[in-house]
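Working notes for the structure below.
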Amino acid sequence: MGFSISWIAFKNKTKEEVLGATGLNDTGETEEIPESPVSGAALPSGWYLLFFNKYAHAFLKPKTLSALSKDCQVVGCQVEEHVMASGAFCYENGNRLWSVSHESERGIYHVTVEGLAPRSLSALHARLVERQNEEGGDKAGVDYIFDVPVELAYEICVFRHDRWKFDWGQPTFTRLLQM
């Protein structure tokens, strides 16, 4: 089994503003690992994160992300390990600034970049391509390029879906329900 998840994080919006904009309600039930369909956590980097145990949650539609990013920045990540697809994106003040995606079905080295991605993408991509090459390129039994969007989102928000403890500590997730 692999992850099939997505998350979006909000900068310059409080937890209350995010919950109000999304129609979600905090149950107060904490989770060490986000196993509920939707959960939320405040990150020490100043981001408020919504974690979805679904790859293609309704909140990740471009029109919805555009609306949710009004007066703030929204960064998100999607991971579907069953087919080795991943993506990261950024919206700000209603506009998509960039997106980066990988679909191994389109080739082990496949990466699509739209918009003006962060400068760090180039070095991150080069490092993971080198690692892929060292493991045997497209004949390797591993897909390091999958981590390009995942690591990019991590660099910005300091959160990864497959880690529960970080240098800064451990996020406290609470179960969220649609109102």
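If the segment from Glu105 to Thr172 were pulled out straight at 0.36 nm per residue, it would be longer than the present Cα-Cα gap by 20.6 nm. Ordered by the number of other Cβ atoms lying within 10 Å of each residue's own Cβ, fewest first, Cys77, Cys157 fall into the sequence Cys157, Cys77. Ellipticity at 222 nm from helices only: DSSP H runs of n ≥ 4 in the chain, each -39500 (n - 2.57), divided by the residue count, give -7000 deg cm²/dmol. For the stretch 48-58, the Karplus equation 6.51 cos²θ - 1.76 cosθ + 1.60, evaluated at θ = phi - 60°, returns couplings of 10, 10, 9, 10, 10, 7, 7, 5, 10, 5, 4 Hz by residue, with Gly and Pro reported as x. Placing dummy labels 7 Å off each Cα toward the beta-carbon, the span from Thr112 to Lys15 is 3.6 nm. In terms of its Cα atoms, the stretch 52-144 spans 45, 29, 18 Å along the principal axes, sorted from long to short. Measuring between alpha carbons in the structure, the pairs from Lys139/Lys165; Lys13/Lys61; Lys15/Lys61; Lys11/Lys165; Lys15/Lys165; Lys15/Lys70 lying more than 23 angstrom apart are Lys139/Lys165.
For the pair Arg127 and Arg160 in one chain, pulling the backbone fully straight at 0.36 nm per residue adds 10.1 nm over the alpha carbon distance. Given +1 at the Cβ of Lys and Arg, -1 at the Cβ of Asp and Glu and no other charges, the dipole of the stretch 4-178 around its Cα centre is 520 debye to the nearest 20. Projecting the alpha carbon convex hull of the chain along each direction and taking the average yields 10.1 nm².
Computed from the coordinates by the stated procedures, all read-outs in this text should not be read as laboratory data. Quick caveat, the model's predicted, so the values are computed rather than measured. Cβ sites come from the backbone with ideal geometry, for glycine too, and all protein chains shown count toward neighbours.
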